[in-house]
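The values are calculated or read from the model by the stated rules, or taken from the named source; none is laboratory data. Please read all numbers here as calculations on a predicted model, not as lab measurements. Cβ coordinates were reconstructed from backbone atoms using ideal geometry, including for glycine residues, and neighbour counts include every protein chain displayed. With ligands, DNA and RNA removed, areas are computed over all heavy atoms of the protein, side chains included. Shrake-Rupley method; radii C 1.70, N 1.55, O 1.52, S 1.80 Å.
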Amino acid sequence: MARALEKYIRPGVKSTPFCPGCGHGILMGCILRAIDELKMDINKMVFVSGIGCAAWIPSPHYDGDTLHTLHGRALAFATGVKLFNPELCVMVVSGDGDLSSIGGNHLIHAARRNIDIKVICANNMIYGMTGGQVASTTPVGARTATTGQGNPYRPFDLSRLVEAAGATYVAKYSVTQPVALIRSIKKAIQHVGFSFIEALSPCPTQYGRRNRIDRPEDMIRDLIQSCILEEEAKGLTEEELAEKIVTGEFLSCQK
Ligand SMILES: Cc1ncc(C[n+]2csc(CCOP(=O)(O)OP(=O)(O)O)c2C)c(N)n1
Ligand SMILES: [Mg+2]
C-alpha cells in the first residue's frame, strides 16, 4: 500500500523533516490514502499551508500544486485560490499554532462564511518547529519553553470553536486512529462547505520531553489509551472523562 502512494510524492523527495515519533508523517500518509481511495485528480487540488512543522506535510512532499505561505495566513491564501477557481478542491494542512494562534481570526471567519475549504489541523498542542513555545491549544499545566512552571491558561477546544463559528463539517481524530481519520478526510473532501478536522499528532521532541513522557512510543501509547469515540464517552462519568479525549465526527450538515 505504501508503494501505491508513492505516485503522489514529488520526484526527488527522499525523506521528511519530521522527528522520530512525530505524528505529522502518519497524517501525511492518511491524507494521501484518502485522496487515493476517492480517486481524486490531484491536478484539481491545491494544498495550502502556513509555517511550522505541520506546514511541511503537503509542501514539498505532495506532487501537486502546493502553496507554502506565511505564518497564520494559509486560510487567506486558500480563500483567494477558491474564489479564483471554485472548481478546485482546496485543502489547507497546517499546525495548531499556525491555524489557531496567529491565524485564529482567519480560522473563525472562514468558518463563519462556510467557505468550501477543507482544513486539516495537525494539533500537537505546541509550537513545534520554533522550539516548543506555548500555543493556544496547550493544556493547562503543561510545560513548554515559555511556560516553565506550567501553562496557566485554558486551551481552545478547536473543534468546538469552529463549530460555534459556523463550520459545517467538524471532526477530531488522533493519528493513532488512522482508519477513522482517513474516513473522515474522505468525508471532508466530499463535503461542500467549511470542513475542519482536528488531527491530534504527538510531538515527542518539544512536548513529550518537557512533560515527562520520555519516549516517543509512550506518547503514542498515551494517545491510544486516552482517545475514545464519542459513542463510548456517553456512558462515562465526569471523573472518568477527565482522563479521556473524546474523538469523533461532531458535525456534518449542509447550510
Ligand atoms: C509572523 C511570524 N511570526 C512568528 C513566526 C515563527 N513561527 C514559525 S512557525 C511557528 C509556530 C508553528 O506552530 P504550529 O503551527 O503549531 O506547527 P508545528 O511546528 O507545531 O507543527 C512560529 C511561531 C513566523 N514564521 N512568522
Ligand atoms: Mg503545533
In segment 113-127, residue nearest to ligand 1 (Cβ to nearest atom) [restricted to those that are out of contact with any Phe, Trp or Tyr (no Cβ under 8 Å at 6 or more places or on another chain) and under 18 Å from LEU223 (Cα atoms)]: ALA122
Spans of helices (runs of 4 or more DSSP H) in segment 205-255 with at least 2 residues within 21 Å of the chain's Cα centre (by Cα) and not hydrophobic (A, V, I, L, M, F, W, C): 216-226
From THR130, THR137, residue being in a loop (DSSP other than H, G, I, E, B), in contact with a strand residue (DSSP E or B) (Cβ under 6 Å, 6 or more places away or on another chain) and within 16 Å of ligand 1 (Cβ to nearest atom): THR137
Selection within segment 103-130 - within 16 Å of ligand 2 (Cβ to nearest atom), among the β-branched types (Val, Ile, Thr) and surrounded by fewer than 19 Cβ atoms within 10 Å (Cβ to Cβ): THR130
The listed residue being open to solvent by 30 Å² or more (accessible area, probe 1.4 Å), out of contact with any Gly (no Cβ under 7 Å at 6 or more places or on another chain) and within 16 Å of ligand 2 (Cβ to nearest atom), out of THR146, THR137: THR146
Residue match in segment 163-183 (condition: open to solvent by 20 Å² or more (accessible area, probe 1.4 Å), closer than 16 Å to ILE115 by Cβ and in contact with a strand residue (DSSP E or B) (Cβ under 9 Å, 6 or more places away or on another chain)): yes
Within segment 184-208, considering residues that are open to solvent by less than 10 Å² (accessible area, probe 1.4 Å) and among the β-branched types (Val, Ile, Thr), the one nearest to ligand 1 (Cβ to nearest atom): ILE197
Count of segment 155-172 residues which are over 18 Å from ASN124 (Cβ atoms) and in a loop (DSSP other than H, G, I, E, B): 3
Members of segment 149-162 that are touching a Pro at 6+ places or on another chain (Cβ under 9 Å) and surrounded by fewer than 18 Cβ atoms within 10 Å (Cβ to Cβ): ARG154
From HIS106, HIS71, residue being out of contact with any Ser or Thr (no Cβ under 6 Å at 6 or more places or on another chain) and farther than 19 Å from ALA167 by Cβ: HIS71
